[in-house]
1. Once you've got the GNM for the chain with C-alpha springs shorter than 10 Å, pick whichever of GLU95, GLU311, GLU240 has the biggest mean-square fluctuation.
2. Of the options GLY142, SER320, ALA66, report the single residue whose Cα projects farthest towards the positive end of the charge dipole of the chain (beta-carbon charges: Lys, Arg +1; Asp, Glu -1).
3. Short version: ³J(HN,Hα) in whole Hz for each residue of region 287-296, in order, from phi by Karplus 6.51 cos²θ - 1.76 cosθ + 1.60 (θ = phi - 60°), x for Gly and Pro, what are they?
4. Could you give P(r) for the chain, binned at 20 Å from zero, as whole percent values over all Cα-Cα pairs?
5. Could you state the number of Å between the C-alpha centres of region 259-296 and region 229-246?
6. May I ask you to evaluate 6.51 cos²θ - 1.76 cosθ + 1.60, the Karplus curve with θ = phi - 60°, for each residue of region 34-51 and list the ³J(HN,Hα) values in order in whole Hz, giving x for glycine and proline?
7. Given Cβ point charges of +1 (Lys, Arg) and -1 (Asp, Glu) and nothing else, what value in debye, to the nearest 20, does the dipole of the chain about its Cα centre take?
8. Go ahead and set up a Gaussian network model of the chain, Cα springs under 10 Å, then flag whichever of TRP181, TRP97, TRP21 fluctuates most.
Amino acid sequence: MALGEFDLIDQFFKFPNDSDWKSQGIGDDCALIELDDRVLAVTADMMAITTHFLPDADPETVGYKALAVNLSDLAAAGAKPQAFFLSISMPEIDEAWLAGFSKGLKTLAQQSRCSLLGGDTTRSALVGATRSPTTIAITAMGELPKGQGLTRRGAQVGDDIWVSGTLGDAYTGLKHRWGHWQVPGEDAPYFYARMDRPTPRYLLGQHIRPYASAAADVSDGFMADLGHILERSAKGARIELNQMPCSAALARLPAKYQQEAMLYGGDDYELIFTSASIHREKLLEIAKALGEKITCVGRIQSAHVGDYAPEVWQGATRLSLGKQGFDHFKESSC
Ligand code: ADP
Ligand code: MG
């Protein structure tokens, strides 16, 4: 059987760390590198036209989102964005496309005060008679106080499980764009905006950091990304479907679409974090002061060894669900 994305990383890219820079190792949203007086959080994310974006995607969206997904990883570590490097490979120089891309990228770089400090530019590979589509790789760096930084490890039995914003909107936008789901015409711009312009929650991440025990961002889907926290923390979880945050627009779609989108839809770039229940009021206060929404969707519980899949309950009924979630080498992509 072909290897999945995560088995592949385990098998080929987990090397011993022989350098003077110590970190927690591969497997979290960011590597946390301990320097003398602070911690450096580093993440790298690559996006390709045709894999992550439709071939005719608006270049401004591509520029914005390429940085947004990296800032979202910094948010999951609770880090303050500081700098990024941009590597881009393109089939040809298209000035109009580059102008749009640069505008989208710069808008978010300025908003987040994350400076572009370097990178690389190349022409993409020739495959047969045509060149491969544009690929963008960004490495972003953020800062944390000494000894700080959230990882996917650390969730404790009894902790609340929180999510920011609403879940499933980006996936619904994609399903609509593909023609699989019909959404009311007036709701389409909302879903498209959530898919094209996710809001990286880096301010929220920094403020909840002192109270959170573990965190991840939702890129592969809520169940998959919560699953990463559970696996790394060796814990289980009980999720209340009726408490999952659903946008007004998603609430207008059939219940089975809501469930699929909120549980399995990727690309939301919301935060999932766990926290001892004594911090509940404080967390709600923080979110309110930042104008952010956070919702408690369940609780961490102990797990049967090797079975960290979250349980999903609807009232008194436990739903029987398969294991889904995005893996680049297991499913077809857009
Ligand atoms: P995210 O979705 O938050 O960007 P992923 O789930 O894609 O993170 O990756 C899981 C972990 O594997 C991360 O710690 C990431 O840095 C690491 N990783 C992914 N690809 C590679 C690679 N080719 N070499 C080394 N580490 C990798
Ligand atoms: Mg992530």
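Readers should treat all values here as calculations from the given coordinates under stated rules, not as data from a laboratory. The shown structure was predicted, so the numbers you read here are calculated from the model rather than taken from an experiment. Don't worry about glycine lacking a Cβ; one is built from the backbone with ideal geometry, like all the others, and counts go over all protein chains shown.
1. With Cα springs under 10 Å in the chain, the top fluctuation among GLU95, GLU311, GLU240 is at GLU95.
2. The residue sitting most towards the positive pole is SER320.
3. Result, ordered by residue: 4, 4, 5, 8, x, 10, 10, 10, 9, 7 Hz.
4. Result returned by the calculation: 31, 60, 9, 0.
5. 12 Å
6. In residue order, the calculated couplings are 7, 9, 4, 10, 7, 10, 9, 9, 10, 9, 9, 9, 10, 9, 10, 5, 5, 8 Hz.
7. Numbers: 32 positive and 42 negative charges, 131 e Å.
For the chain, the charge dipole is close to 620 debye.
8. Top of the fluctuation ranking is TRP21.
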